[in-house]
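Data first, discussion second: the structure below is written as structure tokens.
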Amino acid sequence: MNCFYHEERNASALCQVCGKGLCSDCATVISIPICKECLSEHIYGEKSKMLKCIVVGLILGIGCSIIMKNLSGLLFAWVPFGWMALSAITPKVFLVMPIVGWIAYFAIKFVLAFLIGWVALPIKLYRWMRIFNLAKKVLE
Ligand SMILES: [Zn+2]
Ligand SMILES: [Zn+2]
């Protein structure tokens, strides 16, 4: 198979979304092999994920500050970022658990997300900015 964009080159990877052949130049635009068509959708999805994290974070942070009557509640703003990082490493298993199990699962995940959120937030934001920048160059 040849690269979809460069007919003269051999494909060294396949687009992870649609399976188009990509040469080594085309496959390394961002960290996953993805073609230009799928990249714009991928970026759109990542942008809405980022927006969701920021909005949920602000609501949590401001809400907790009001409930605690203390500005340290703002620290909860990084929970969604920690949560996302945890979701990326926990296998997607849907266990049949009693409701108590789910409450415990969410409580533990929330605490862990709070503990790692301050690290996850700058890393996540940095990665997002990086792929948005890279994608901008390719998609222009
Ligand atoms: Zn594709
Ligand atoms: Zn190519």
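Within the stretch 13-25, can one find any residue that is more than 16 Å from ligand 1 (Cβ to nearest atom), at pLDDT 95 or above and either more than 14 Å from the chain's Cα centre (by Cα) or within 24 Å of residue 110 (Cβ to Cβ) (or both)?
no
Please state which one of 48, 40 is touching a Leu at 6+ places or on another chain (Cβ under 7 Å) and under 20 Å from residue 135 (Cα atoms).
Working: 48 fails: touching a Leu at 6+ places or on another chain (Cβ under 7 Å).
Result of the check over 48, 40: 40.
Just wondering, is there one or more residues in the stretch 37-49 that are of a type outside the set (Ser, Thr, Tyr), closer than 22 Å to residue 123 by Cα and more than 16 Å from ligand 1 (Cβ to nearest atom)?
yes
Taking the residues in the stretch 1-41 that are in contact (Cβ under 8 Å) with a residue 60 or more places away in the chain and within 28 Å of residue 83 (Cα to Cα) as candidates, determine which candidate is nearest to ligand 2 (Cβ to nearest atom). Give the derivation first.
The first filter runs over the stretch 1-41 and keeps only residues in contact (Cβ under 8 Å) with a residue 60 or more places away in the chain, leaving 29-31, 36, 39-40.
The next check asks that each one be within 28 Å of residue 83 (Cα to Cα); those that pass are 29-31, 39-40.
Working: 29: 10, 30: 15, 31: 17, 39: 13, 40: 17 Å.
Step by step, filter the stretch 1-41, then rank; the result is 29.
Taking the stretch 1-21 only, how many residues are touching a strand residue (DSSP E or B) at 6+ places or on another chain (Cβ under 9 Å) and under 15 Å from residue 135 (Cβ atoms)?
Residues meeting the conditions: 1.
The values are calculated or read from the model by the stated rules, or taken from the named source; none is laboratory data. These numbers come from a predicted model, not from an experiment. Every residue, glycine among them, receives a Cβ derived from its backbone with ideal geometry; neighbour counts consider all protein chains shown.
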